[in-house]
Amino acid sequence: MNSTPRALNRILLGFCGLVLMLAGTCGAALAYVPGSAGPWQEFTLQAGLQADRIRQGTTLDGQEDSWLWIVLAAALLLVAVLGTAWIAAQGRGRTGVFAYTPGPAGSDAAGAAGSVTLTAGAAEQALRAALLEGNDLVNAVVTTWDFHGGPALRVRLFPRKGVSPYAIAAVTTELIEALDLVAGRRTPVLISISSGARSRFTRPERVS
(Lines give C-alpha, C1' and ligand atoms only; values in the text may rest on other atoms or scores of the structure.)
Protein backbone atom coordinates (compact mmCIF):
# COMPACT_ATOMS: atom_id res chain seq x y z
CA MET A 1 0.00 0.00 0.00
CA ASN A 2 2.96 2.34 0.47
CA SER A 3 5.18 3.73 -2.29
CA THR A 4 8.40 1.97 -1.34
CA PRO A 5 10.61 1.37 -4.43
CA ARG A 6 10.52 -2.42 -4.15
CA ALA A 7 12.15 -3.10 -7.53
CA LEU A 8 15.13 -0.87 -6.69
CA ASN A 9 15.42 -2.44 -3.25
CA ARG A 10 15.51 -5.94 -4.74
CA ILE A 11 18.18 -4.90 -7.27
CA LEU A 12 20.36 -3.38 -4.53
CA LEU A 13 19.92 -6.40 -2.27
CA GLY A 14 20.74 -8.76 -5.13
CA PHE A 15 23.87 -6.76 -6.01
CA CYS A 16 25.06 -6.67 -2.40
CA GLY A 17 24.40 -10.40 -2.06
CA LEU A 18 26.37 -11.12 -5.22
CA VAL A 19 29.34 -9.05 -4.01
CA LEU A 20 29.34 -10.77 -0.62
CA MET A 21 29.07 -14.18 -2.27
CA LEU A 22 32.05 -13.45 -4.52
CA ALA A 23 34.07 -12.15 -1.56
CA GLY A 24 33.24 -15.27 0.45
CA THR A 25 34.17 -17.52 -2.47
CA CYS A 26 37.50 -15.78 -2.93
CA GLY A 27 38.23 -15.96 0.80
CA ALA A 28 37.42 -19.67 0.91
CA ALA A 29 39.59 -20.31 -2.14
CA LEU A 30 42.55 -18.51 -0.57
CA ALA A 31 42.13 -20.47 2.66
CA TYR A 32 41.51 -23.99 1.34
CA VAL A 33 42.70 -24.21 -2.29
CA PRO A 34 46.44 -25.00 -2.50
CA GLY A 35 48.45 -22.62 -4.65
CA SER A 36 45.74 -19.95 -4.86
CA ALA A 37 47.69 -17.45 -2.75
CA GLY A 38 50.42 -17.05 -5.37
CA PRO A 39 48.22 -15.65 -8.18
CA TRP A 40 46.44 -13.42 -5.67
CA GLN A 41 49.73 -11.96 -4.45
CA GLU A 42 50.82 -11.37 -8.04
CA PHE A 43 47.51 -9.67 -8.81
CA THR A 44 47.71 -7.37 -5.78
CA LEU A 45 51.33 -6.48 -6.66
CA GLN A 46 50.40 -5.53 -10.22
CA ALA A 47 47.35 -3.63 -8.98
CA GLY A 48 49.53 -1.67 -6.54
CA LEU A 49 52.02 -0.77 -9.29
CA GLN A 50 49.20 0.33 -11.59
CA ALA A 51 47.67 2.46 -8.84
CA ASP A 52 51.03 4.11 -8.22
CA ARG A 53 51.37 4.91 -11.96
CA ILE A 54 47.90 6.45 -11.98
CA ARG A 55 48.72 8.54 -8.90
CA GLN A 56 51.91 9.82 -10.46
CA GLY A 57 50.15 10.57 -13.73
CA THR A 58 47.39 12.59 -12.02
CA THR A 59 49.65 14.65 -9.75
CA LEU A 60 50.08 18.22 -10.97
CA ASP A 61 53.40 20.03 -10.92
CA GLY A 62 54.14 21.40 -7.50
CA GLN A 63 51.52 19.19 -5.85
CA GLU A 64 52.14 16.20 -3.61
CA ASP A 65 48.72 14.54 -3.86
CA SER A 66 46.72 13.42 -6.87
CA TRP A 67 43.59 15.34 -7.92
CA LEU A 68 41.84 11.97 -7.95
CA TRP A 69 41.31 12.38 -4.19
CA ILE A 70 39.02 15.33 -4.96
CA VAL A 71 37.10 13.19 -7.44
CA LEU A 72 36.86 10.39 -4.86
CA ALA A 73 35.56 12.82 -2.22
CA ALA A 74 32.94 14.14 -4.66
CA ALA A 75 31.90 10.57 -5.54
CA LEU A 76 31.53 9.68 -1.84
CA LEU A 77 29.47 12.83 -1.28
CA LEU A 78 27.22 11.82 -4.20
CA VAL A 79 26.84 8.33 -2.72
CA ALA A 80 25.86 9.86 0.64
CA VAL A 81 23.24 12.08 -1.04
CA LEU A 82 21.82 9.14 -3.01
CA GLY A 83 21.77 7.01 0.14
CA THR A 84 19.86 9.71 2.02
CA ALA A 85 17.36 10.00 -0.83
CA TRP A 86 16.95 6.22 -0.89
CA ILE A 87 16.27 6.10 2.85
CA ALA A 88 13.75 8.94 2.55
CA ALA A 89 11.93 7.04 -0.21
CA GLN A 90 11.18 4.07 2.05
CA GLY A 91 7.68 3.69 3.40
CA ARG A 92 6.19 6.79 1.82
CA GLY A 93 2.49 7.05 1.11
CA ARG A 94 1.00 7.99 4.48
CA THR A 95 -1.71 10.65 4.46
CA GLY A 96 -3.05 12.87 7.22
CA VAL A 97 -6.59 13.33 5.86
CA PHE A 98 -9.21 10.60 6.16
CA ALA A 99 -12.26 12.47 4.82
CA TYR A 100 -12.83 15.94 3.40
CA THR A 101 -16.11 17.64 2.62
CA PRO A 102 -15.86 20.99 0.84
CA GLY A 103 -18.09 23.82 1.99
CA PRO A 104 -20.74 25.53 -0.15
CA ALA A 105 -19.72 27.99 -2.82
CA GLY A 106 -21.45 30.83 -0.98
CA SER A 107 -22.58 31.44 2.56
CA ASP A 108 -25.27 29.49 4.37
CA ALA A 109 -28.20 30.90 6.31
CA ALA A 110 -25.95 31.89 9.20
CA GLY A 111 -23.60 33.67 6.85
CA ALA A 112 -20.73 31.20 7.37
CA ALA A 113 -19.02 29.03 4.80
CA GLY A 114 -16.37 26.39 5.31
CA SER A 115 -15.33 22.77 4.90
CA VAL A 116 -15.15 19.73 7.14
CA THR A 117 -11.95 17.68 7.45
CA LEU A 118 -11.65 14.43 9.38
CA THR A 119 -8.00 13.84 10.11
CA ALA A 120 -6.44 10.43 9.77
CA GLY A 121 -5.28 10.48 13.38
CA ALA A 122 -8.83 10.91 14.67
CA ALA A 123 -10.16 8.05 12.53
CA GLU A 124 -7.26 5.78 13.48
CA GLN A 125 -7.64 6.41 17.21
CA ALA A 126 -11.41 5.93 17.10
CA LEU A 127 -11.18 2.64 15.22
CA ARG A 128 -8.33 1.34 17.38
CA ALA A 129 -10.19 2.21 20.59
CA ALA A 130 -13.31 0.42 19.33
CA LEU A 131 -11.28 -2.65 18.37
CA LEU A 132 -9.59 -2.89 21.76
CA GLU A 133 -12.82 -2.54 23.77
CA GLY A 134 -13.19 -6.33 23.87
CA ASN A 135 -10.72 -8.91 25.16
CA ASP A 136 -10.10 -10.72 21.87
CA LEU A 137 -7.17 -8.57 20.72
CA VAL A 138 -3.78 -8.03 22.27
CA ASN A 139 -3.05 -5.04 20.06
CA ALA A 140 -4.32 -3.28 16.94
CA VAL A 141 -2.44 -0.95 14.61
CA VAL A 142 -4.42 1.34 12.28
CA THR A 143 -2.72 3.52 9.67
CA THR A 144 -4.00 5.64 6.79
CA TRP A 145 -2.40 5.56 3.34
CA ASP A 146 -2.88 7.34 0.04
CA PHE A 147 -4.30 4.72 -2.35
CA HIS A 148 -5.16 5.71 -5.94
CA GLY A 149 -5.67 9.34 -4.99
CA GLY A 150 -7.80 8.68 -1.90
CA PRO A 151 -7.35 7.54 1.70
CA ALA A 152 -7.25 3.84 2.57
CA LEU A 153 -6.92 2.06 5.88
CA ARG A 154 -4.46 -0.62 6.86
CA VAL A 155 -5.55 -2.52 9.95
CA ARG A 156 -3.17 -4.97 11.63
CA LEU A 157 -4.76 -7.14 14.30
CA PHE A 158 -2.99 -9.26 16.91
CA PRO A 159 -5.54 -11.66 18.46
CA ARG A 160 -5.16 -13.61 21.66
CA LYS A 161 -4.49 -17.35 21.58
CA GLY A 162 -7.59 -19.36 20.76
CA VAL A 163 -9.59 -16.46 19.29
CA SER A 164 -11.26 -17.14 15.92
CA PRO A 165 -9.83 -14.97 13.11
CA TYR A 166 -13.19 -15.09 11.34
CA ALA A 167 -14.96 -13.54 14.35
CA ILE A 168 -12.32 -10.81 14.59
CA ALA A 169 -12.62 -10.04 10.88
CA ALA A 170 -16.42 -9.83 11.15
CA VAL A 171 -16.28 -7.40 14.08
CA THR A 172 -13.64 -5.30 12.34
CA THR A 173 -15.77 -5.12 9.19
CA GLU A 174 -18.76 -3.88 11.19
CA LEU A 175 -16.68 -1.17 12.86
CA ILE A 176 -15.23 -0.05 9.54
CA GLU A 177 -18.73 0.17 8.03
CA ALA A 178 -19.77 2.36 10.97
CA LEU A 179 -16.74 4.57 10.36
CA ASP A 180 -17.74 4.84 6.68
CA LEU A 181 -21.18 6.08 7.75
CA VAL A 182 -19.57 8.79 9.87
CA ALA A 183 -17.18 9.81 7.08
CA GLY A 184 -19.85 9.63 4.39
CA ARG A 185 -17.74 7.51 2.03
CA ARG A 186 -16.55 3.95 1.55
CA THR A 187 -12.91 3.47 2.37
CA PRO A 188 -10.67 0.74 0.94
CA VAL A 189 -9.34 -1.38 3.80
CA LEU A 190 -6.54 -3.92 4.09
CA ILE A 191 -6.98 -6.16 7.15
CA SER A 192 -4.14 -8.40 8.27
CA ILE A 193 -4.41 -10.78 11.22
CA SER A 194 -1.11 -12.01 12.61
CA SER A 195 0.43 -13.26 15.81
CA GLY A 196 3.26 -11.43 17.49
CA ALA A 197 5.29 -12.23 20.58
CA ARG A 198 2.61 -10.84 22.87
CA SER A 199 -0.05 -12.95 21.15
CA ARG A 200 1.95 -16.15 21.55
CA PHE A 201 2.73 -15.65 25.24
CA THR A 202 -0.62 -14.20 26.34
CA ARG A 203 -3.04 -16.62 27.93
CA PRO A 204 -6.57 -16.79 26.51
CA GLU A 205 -9.27 -15.01 28.49
CA ARG A 206 -11.48 -17.32 30.56
CA VAL A 207 -14.81 -16.61 32.21
CA SER A 208 -15.17 -18.15 35.68
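Inside segment 109-143, can you point out the residues that are assigned to a loop (DSSP other than H, G, I, E, B), open to solvent by 60 Å² or more (accessible area, probe 1.4 Å) and either at pLDDT 90 or above or not polar (S, T, N, Q) (or both)? If you could, list the steps in order and put the result at the bottom.
Initially, segment 109-143 is screened for residues assigned to a loop (DSSP other than H, G, I, E, B), giving 109-115, 132-136.
Now drop any that are not open to solvent by 60 Å² or more (accessible area, probe 1.4 Å), which leaves 109-110, 113, 115, 133, 135-136.
If the condition is that a residue be assigned to a loop (DSSP other than H, G, I, E, B), open to solvent by 60 Å² or more (accessible area, probe 1.4 Å) and either at pLDDT 90 or above or not polar (S, T, N, Q) (or both), then Ala109, Ala110, Ala113, Glu133, Asp136 are the ones that fit.
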Notebook entry, point to check: If Ile176 satisfies every condition in (1) part of a strand (DSSP E or B); (2) under 27 Å from Pro102 (Cβ atoms); (3) of a type in the set (Val, Ile, Thr) but one, which is the exception?
Noted result: (1)
Note to self: Here are the criteria: (1) open to solvent by 80 Å² or more (accessible area, probe 1.4 Å); (2) under 30 Å from Arg92 (Cβ atoms). Tell me which single one Trp40 does not satisfy.
What the structure shows: (2)
Checklist line | Evaluation of Gly93 against (1) modelled with pLDDT of 85 or more; (2) closer than 30 Å to Ala122 by Cβ (one fails), failing number | finding: (1)
Next item on the list: Output the residues belonging to segment 144-172 that are open to solvent by 50 Å² or more (accessible area, probe 1.4 Å) and among the polar types (S, T, N, Q).
Entry: Ser164
Notebook entry, point to check: Would segment 39-55 turn up any residue that is outside any loop (DSSP other than H, G, I, E, B), at pLDDT below 80 and either basic (Lys, Arg) or within 30 Å of His148 (Cα to Cα) (or both)?
Noted result: yes
Margin query: Quick check on my filter: what residues within segment 15-36 are surrounded by 10 or more Cβ atoms within 10 Å (Cβ to Cβ), at pLDDT below 85 and of a type outside the set (A, V, I, L, M)?
Written below: Cys26, Gly27, Ser36
Item checked: Residue list for segment 56-86, restricted to those being open to solvent by 100 Å² or more (accessible area, probe 1.4 Å), of a type outside the set (A, V, I, L, M, F, W, C) and not in a helix (DSSP H, G or I) -> Asp61, Gln63, Glu64, Asp65
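The values are calculated or read from the model by the stated rules, or taken from the named source; none is laboratory data. Only a predicted model underlies this, so the values are computations on that prediction, with no experimental measurement involved. Heads up, the Cβs are rebuilt from the backbone with ideal geometry, glycines too, and the neighbour counts pull from every protein chain shown. All accessible areas refer to the heavy atoms of the entire protein, side chains included, with ligands and DNA or RNA removed. Shrake-Rupley method; radii C 1.70, N 1.55, O 1.52, S 1.80 Å.
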